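The values are calculated or read from the model by the stated rules, or taken from the named source; none is laboratory data. Model, not experiment: these values are computed from the prediction. Reconstructed Cβ throughout: ideal geometry from the backbone, glycine too, with neighbour counts over all protein chains shown. Only protein heavy atoms, including side chains, enter the accessible area calculation; ligands, DNA and RNA are left aside. Shrake-Rupley method; radii C 1.70, N 1.55, O 1.52, S 1.80 Å.
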Amino acid sequence: MASAKVKFRKSSVIGKAGTVYYQLCHNNLSKQISTKIHLQPDEWQLVEERIERKLPLARHLAMYQTKISNDLQTLRQIIRSLEARPHGYTLGEVADLFHATSSEESVLEYMRRQIEHLRQRKRYGTASNYRCALNSLSQFLHGEDLPFSLLNEGLVLQYSEWLHDRRIKKNSLSFYMRIWRAVYNRATKERIIEQTFPFQNVYTGIDRTRKRAVNEETILRLYELELEGHPSLALARDLFIFSYCTRGMAFVDIAFLKKTDLTRTHIRYCRRKTDQSLQIRIEPCIEQIIRRYEVATRHSVYVFPILSSQDEEQAYKQYERALGYHNHKLKLLGEMIGLDLPLTSYTSRHTWATTARNHNIPLSVISAGMGHTSEKTTQIYLASLENSVIDDANYGLLMPINRVAMR
């Protein structure tokens, strides 16, 4: 019967990592199967033919040892199955069967294909989020890929602890876990791996964040702030106020808002995050801001001078750069009016919701106005709301600004 052992070959170059390989022996013949596992000599225990136990076992070394154990088990199972043949077998056949078995889908490579698939479907925001999650897990794995069979609950818990040790905020930790859970679930649907629910004991919720809203007085101060001679600050202010006036329209939707989305009386657009169609009545303060940029955008398809490209992927890259610049300018605006809270593109959205709540507008109207879709039960109820109810609610909120706009 053939035997399978693990061996370590030192590098001929001093200081360079050596290579782990498997040695097959049968009928006085031998064959070697190379691996992609590279170790320093002090990381290998020659007598026990395994990774050195005395070392503090780093995550990548633990993974290597698990892979070695799994590979040896696979090789021995192959040998046992071939032993049942009446006409014998060769070491070449053992190696071929092992390579065929070892062609298991790997986690990081699968994720890269998912990202490319998202890009082809023009879901650039989701692709960007997946890329962030990929980079994080790749760093945790020291750049090494791993088969899906090793993506188990133990590894997921180690990854969660690794993120926590790096003081990753709770919502960011959940962000990574929810993405990887989605990838894992897709792999199970494609029958790449059997479902074992490895994410059931890690945090995947959404924690309450720090206060992001400002009060109505701050909105009015920003609206009336004299910014002549500072066009970039004026644009940031106007986009912030426009977001507030349009029920917290997200910056990505403002950036991609096209002139064809406007009628004489309404804005009709589709939220890029949820694909939900929304309609907003154009109040005087909204119209004033739109008209302010008609000259700057006279040769553009977009309402505001944020994007120039009509190529979807190129435009999304412009949006990502513009978002960082916009938040930088908002921070300066906040400092100019003495805010303790840094202004961001999210502040206007949170502020509209908070102000609406303070004016005793029903939660269902607020949710519909902002295009929320996360609560299925609420959304079923919200679907029956007339859009005029939401517009009337928004009109009441915007009365202070409209009075200034109509002077």
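Per-structure values
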{"read-out": "Solvent-accessible area per residue for region 89-208 (1.4 angstrom probe, square angstrom)", "value": "57"}
{"read-out": "Cα-based helix-to-principal-axis angle, 170-189 vs the chain, degrees rounded to 10", "value": "60"}
{"read-out": "THR265 accessible area, assembled protein chains, probe 1.4 Å, Å²", "value": "60"}
{"read-out": "Rounded accessible area of LYS7 (nearest 10 Å², 1.4 Å probe)", "value": "50"}
{"read-out": "Dipole of region 80-167, positive direction: furthest Cα of SER128, PRO86, LEU151, with charges on the beta-carbon", "value": "SER128"}
{"read-out": "Computed over region 164-297, Kirkwood Rh from alpha-carbon pairs, angstrom", "value": "18.7"}
{"read-out": "Accessible-area composition of the chain, carbon plus sulfur, in percent [1.4 Å probe]", "value": "49"}
{"read-out": "Angle between the chain longest axis and helix 231-245 axis [Cα atoms, degrees, rounded to 10]", "value": "90"}
{"read-out": "Exposure of ASP392 as accessible area (Å², to 10), given a probe of 1.4 Å and all protein chains", "value": "90"}
{"read-out": "Simple Cβ-charge dipole of region 135-258, Lys/Arg +1 and Asp/Glu -1, about Cα centre, in debye nearest 20", "value": "320"}
{"read-out": "Average accessible area per residue (Å²) across region 230-302 - probe 1.4 Å, nucleic acids and ligands excluded", "value": "45"}
{"read-out": "Length-normalised contact order of the chain in % [C-alpha pairs under 8 Å, at least 6 apart]", "value": "11"}
{"read-out": "Charge sum, other residues only, whose C-beta stays under 9 Å from VAL301's C-beta, Lys/Arg counted +1 and Asp/Glu -1", "value": "+2"}
{"read-out": "Cα long-axis angle, helix 107-120 against the chain (0 to 90 degrees, to the nearest 10)", "value": "40"}
{"read-out": "Cα gyration tensor category, rounded, prolate or oblate, for region 211-355 with a/c compared to 1.5", "value": "rounded"}
{"read-out": "Principal semi-axes in Å for region 269-373 [√(5λ), Cα gyration tensor, largest first]", "value": "25, 20, 16"}
{"read-out": "Over region 179-286, relative contact order from alpha-carbon pairs under 8 Å, at least 6 apart, %", "value": "13"}
{"read-out": "Restraint check, LYS67/LYS317; LYS31/LYS67; LYS258/LYS331; LYS16/LYS67, Cα-Cα greater than 29 Å", "value": "LYS67/LYS317"}
{"read-out": "Region 277-295 and region 167-185: distance between their alpha carbon centers, rounded to Å", "value": "37"}
{"read-out": "Residues whose placed amide H lies under 5 Å from that of ILE37, excluding near-sequence neighbours", "value": "VAL20"}
{"read-out": "Candidate values (i) 21.8; (ii) 18.1; (iii) 28.2, label of the one derived for mean projected area of the Cα convex hull in nm²", "value": "(iii)"}
{"read-out": "Cα-centre dipole for the chain with unit charges at Cβ (Lys and Arg positive, Asp and Glu negative), debye to 20", "value": "160"}
